[in-house]
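A short reminder: the numbers here are calculations on the coordinates, not readings from a lab. The structure presented is a predicted model; accordingly, all values stated were derived computationally and were not measured. Because the Cβ atoms are built from the backbone with ideal geometry, glycine has one as well, and the counts that use them run over all protein chains shown.
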Amino acid sequence: ASAKAAEICELAPIVPVLIVEDVAHAAPLAAALVAGGLPALEVTLRTDAALEVIAEMARVEGGVVGAGTLLTPKDVQRAVEAGAKFGVSPGATDTLLDACEEAGLPLLPGAASATEAMRLLERGYTIQKFFPAEAAGGAPFLKSLASPLPQIRFCPTGGVSPKNARDYLSLPNVICAGGSWVAPKEMFKSGDWAGIERLAAEAATLPR
Ligand code: 3PG
């Protein structure tokens, strides 16, 4: 279930996590992040504009736009209709996994314990999101899963920042990390696209 997710996660060390309220910000925001070297973008379904934002961003050359905060089959259907190429969820339920598999939507499902990770592995998910990364134990926790569960690679998300990103990315079981710091709300509200491109460029050069 994870081959396509792996391909997307390998595009860059960081996947920007985006909460966008104004659809007018979508295209310039995506263009700045892609230009900075971060092509895979997660648009969270947490705003009224999110689906329109996905549709707009999907037209940006070089971008691979996914939908985050998928909770229900309806979310999956709407995300696919909007043009999302992948999905991300904070946790995982059988209902949600079934919906993504039926829709053919590559999913990065969330796990925060060995049991959750094993349940997803049973269904074929070898690429998983580790969420909420910092609160659930951070890099030391994830490092502890590498030896018993070497088949799984994670995208830690939640509290990842320039301060700790290297700690995660240096682990053998981390494929990439997600974070919102590359697109601070104040910067895209003020139209500081050059600033966002700079933040993206710094994140794109993080070693992994
Ligand atoms: C989220 O839940 O918004 C994502 O996990 C991003 O978390 P962050 O804002 O701590 O990067």
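Quick check on the stretch 45-64. Is at least one of its residues part of a strand (DSSP E or B), in contact (Cβ under 8 Å) with a residue 12 or more places away in the chain and away from the ligand (no atom under 16 Å from the Cβ)? Yes, that holds for at least one residue. Of the numbered criteria (1) within 16 Å of the ligand (Cβ to nearest atom); (2) touching a residue at least 60 places away in the same chain (Cβ under 8 Å); (3) not in a loop (DSSP other than H, G, I, E, B), the one Ala67 fails is (2). Condition first: under 13 Å from Phe188 (Cβ atoms) and assigned to a helix (DSSP H, G or I). Now tell me which residues in the stretch 12-35 satisfy that. Residues satisfying the conditions are Val23, Ala24, His25, Ala26, Ala27, Pro28, Leu29, Ala30, Ala31, Ala32, Leu33. Taken together, the residues in the stretch 57-84 that are charged (D, E, K, R) and either more than 18 Å from the chain's Cα centre (by Cα) or within 14 Å of Ala1 (Cα to Cα) (or both) amount to 4. Beta carbons closer than 8 Å, at least 6 apart along the sequence or on distinct chains, pair a first residue in the stretch 146-174 that is of a type in the set (Lys, Arg) with a second that is surrounded by fewer than 23 Cβ atoms within 10 Å (Cβ to Cβ) for Arg153/Ala6; Arg153/Thr126; Arg153/Asn173; Arg166/Leu206; Arg166/Pro207.
Given the criteria within 15 Å of the chain's Cα centre (by Cα) and more than 17 Å from Val76 (Cα to Cα), does Pro150 qualify? Answer is no for this residue. Of the candidates Gly91, Gly66, Gly110, Gly104, the single residue that is touching a Phe, Trp or Tyr at 6+ places or on another chain (Cβ under 9 Å), surrounded by fewer than 21 Cβ atoms within 10 Å (Cβ to Cβ) and within 20 Å of Ile8 (Cα to Cα) is Gly91. Close Cβ contacts (under 7 Å, 6 or more residues apart or on different chains) running from residues in the stretch 116-129 that are of a type outside the set (Lys, Arg) to residues that are in a helix (DSSP H, G or I) comprise Ala117/Leu145; Ile127/Ala5; Ile127/Ala6; Ile127/Cys9; Gln128/Ala117; Gln128/Leu120. State whether one or more residues within the stretch 14-33 are within 20 Å of Val174 (Cα to Cα) and without any contact (Cβ under 8 Å) to a residue 60 or more places away in the chain. Looking through the stretch 14-33, none of the residues is within 20 Å of Val174 (Cα to Cα) and without any contact (Cβ under 8 Å) to a residue 60 or more places away in the chain.
Within the stretch 18-36, none of the residues are crowded, with 18+ Cβ neighbours inside 10 Å, under 13 Å from Gly83 (Cα atoms) and within 12 Å of the ligand (Cβ to nearest atom). Residue pairs whose Cβ atoms lie under 7 Å apart, separated by 6 or more positions or on different chains, with the first residue in the stretch 180-191 and within 21 Å of Gly68 (Cα to Cα) and free of Cβ contacts under 8 Å to residues at least 12 places away in the same chain and the second aromatic (Phe, Trp, Tyr) and away from the ligand (no atom under 14 Å from the Cβ), do not occur.
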